[in-house]
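The values are calculated or read from the model by the stated rules, or taken from the named source; none is laboratory data. Keep in mind it's a predicted model, so treat the numbers as computed, not measured. Using ideal geometry, Cβ is built from the backbone for each residue, glycine included, and neighbour counts are taken over all protein chains shown.
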Amino acid sequence: MNCHTCSRKSIYFARYNGRHYCSTHFLDFVEGRVRKEIRRQGILAHNSTVCVAVSGGKDSMTALTLMKEFSRERRDIRLIAITVDEGITGYRSEALRLVEEYTDRIGVEWHCRSFNDEAGFTMDRLAPRERERTTCAYCGVFRRSIMNSMARDLGATRLVTGLNLDDTAQSVMMNIARGDMTRMSMMGPHERTVDGLVPRAQPLLGIPENEVLLYAIQRGIPFIRSSCPYSEEASRNLFRDIVLRLEAEMPGSRYAVIKSGMAMSEAPPSGRISRCAECGDVTSGSECRACALRTELAKVL
Ligand code: SF4
């Protein structure tokens, strides 16, 4: 098949819009939507300090690359890459090397903090222990907490993540299945500012995961291809399958899921956002998740 825009050979067919794309027009297609999302979310507002959370995977490396390119001419923008080292031998150490090398190559300032220094444990130490939750349940909470404090300490006005369309649709479905409207109301991208919480932004929000992968490959953006050794435990895997099945049966349903999630999160339950009595972080109760888990982990580690 040929590209819908020119006569060159198609490399990609988007089922949800019925169009074929050659390599050049596929890159344009992705970049156009990312530009639009950056504008819609106001990520590159005048005099911004933008932190990009970079894990070394395809999504965050693509987000960093595009944020760098779209802010190249902007002297009023300070772009910083931040990484959290969870302490996962092999997997994370390989990613750290890649991120350090890439940020150096493209000229982006890079900062890294570890679970070990910030929370006193590594995922490798926690994983073999008997505990109440999956490894990812602990990892996700501490990673978000450390990323937020890093971005806050660096004076960031926005914390950019590489979350794509599929990731976000999965999160909406997870929150619905758990009946967790508080978490739904705290999902990014953030349009409201809450003191102490650096507003999260998602330039790849409208891009399906397979398109991010193809984009990274076409552009030669480096990324780690190995998976975390603990990823099989993630409850997200079930929702990944659900979202993929939905999309296969009803093309375009990922966008509809996100739209519904956004409508549900527009009016957060008032008075539910406060400060943790222990560490001062933003929370929906009297204690933040990280402090609650820290107490739980003290008995395990
Ligand atoms: Fe952490 Fe789970 Fe992601 Fe591994 S898969 S990095 S344990 S959240």
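Can you tell me which residues in the range 5-58 are in a helix (DSSP H, G or I) and aromatic (Phe, Trp, Tyr)?
Those that are in a helix (DSSP H, G or I) and aromatic (Phe, Trp, Tyr): Phe26, Phe29.
Could you list, in sequence order, the residues of the range 69-98 that are among the β-branched types (Val, Ile, Thr), more than 16 Å from the ligand (Cβ to nearest atom) and in a strand (DSSP E or B)?
Once the filter is applied, which keeps residues that are among the β-branched types (Val, Ile, Thr), more than 16 Å from the ligand (Cβ to nearest atom) and in a strand (DSSP E or B), the range 69-98 yields only Ile80.
Test Gly261 against the stated conditions and say whether it is in a helix (DSSP H, G or I), in contact (Cβ under 8 Å) with a residue 60 or more places away in the chain and away from the ligand (no atom under 16 Å from the Cβ).
Spelling it out, Gly261 is indeed in a helix (DSSP H, G or I), in contact (Cβ under 8 Å) with a residue 60 or more places away in the chain and away from the ligand (no atom under 16 Å from the Cβ).
Quick one: which of Arg240, Arg245 is basic (Lys, Arg), in a helix (DSSP H, G or I), over 24 Å from Gly285 (Cα atoms) and more than 16 Å from the ligand (Cβ to nearest atom)?
Arg245
Search the range 219-237 for residues being in contact with a Phe, Trp or Tyr (Cβ under 8 Å, 6 or more places away or on another chain) and within 16 Å of the ligand (Cβ to nearest atom), and hand back the single one that is farthest from Leu204 (Cα to Cα).
Pro229
Is there a residue being in contact with a Cys (Cβ under 7 Å, 6 or more places away or on another chain) and within 25 Å of Leu204 (Cβ to Cβ) anywhere in the range 91-100?
Within the range 91-100, one or more residues are in contact with a Cys (Cβ under 7 Å, 6 or more places away or on another chain) and within 25 Å of Leu204 (Cβ to Cβ).
Would you point out which residue out of Ser274, Ser265 is within 21 Å of the chain's Cα centre (by Cα), of a type in the set (Gly, Ala, Ser) and modelled with pLDDT under 85?
Going through Ser274, Ser265 in turn, just one is within 21 Å of the chain's Cα centre (by Cα), of a type in the set (Gly, Ala, Ser) and modelled with pLDDT under 85: Ser265.
Tell me which residues, restricted to the range 182-222, are modelled with pLDDT under 85 and among the hydrophobic types (A, V, I, L, M, F, W, C).
If the condition is that a residue be modelled with pLDDT under 85 and among the hydrophobic types (A, V, I, L, M, F, W, C), then Met186, Met187, Val194 are the ones that fit.
List the helices (runs of 4 or more DSSP H) inside the range 113-177, counting only whole elements, that have at least 2 residues being closer than 23 Å to Met67 by Cβ and without any contact (Cβ under 8 Å) to a residue 60 or more places away in the chain.
Filter on the range 113-177 gives 135-153.
When the residues of the range 149-167 are filtered to those that are within 16 Å of the ligand (Cβ to nearest atom) and not charged (D, E, K, R), which remaining residue is farthest from Val99 (Cα to Cα)?
So the residue we want is Asn164.
Inspect the range 118-140 for any residue being surrounded by 20 or more Cβ atoms within 10 Å (Cβ to Cβ) and away from the ligand (no atom under 16 Å from the Cβ) and give the result as yes or no.
Within the range 118-140, none of the residues are surrounded by 20 or more Cβ atoms within 10 Å (Cβ to Cβ) and away from the ligand (no atom under 16 Å from the Cβ).
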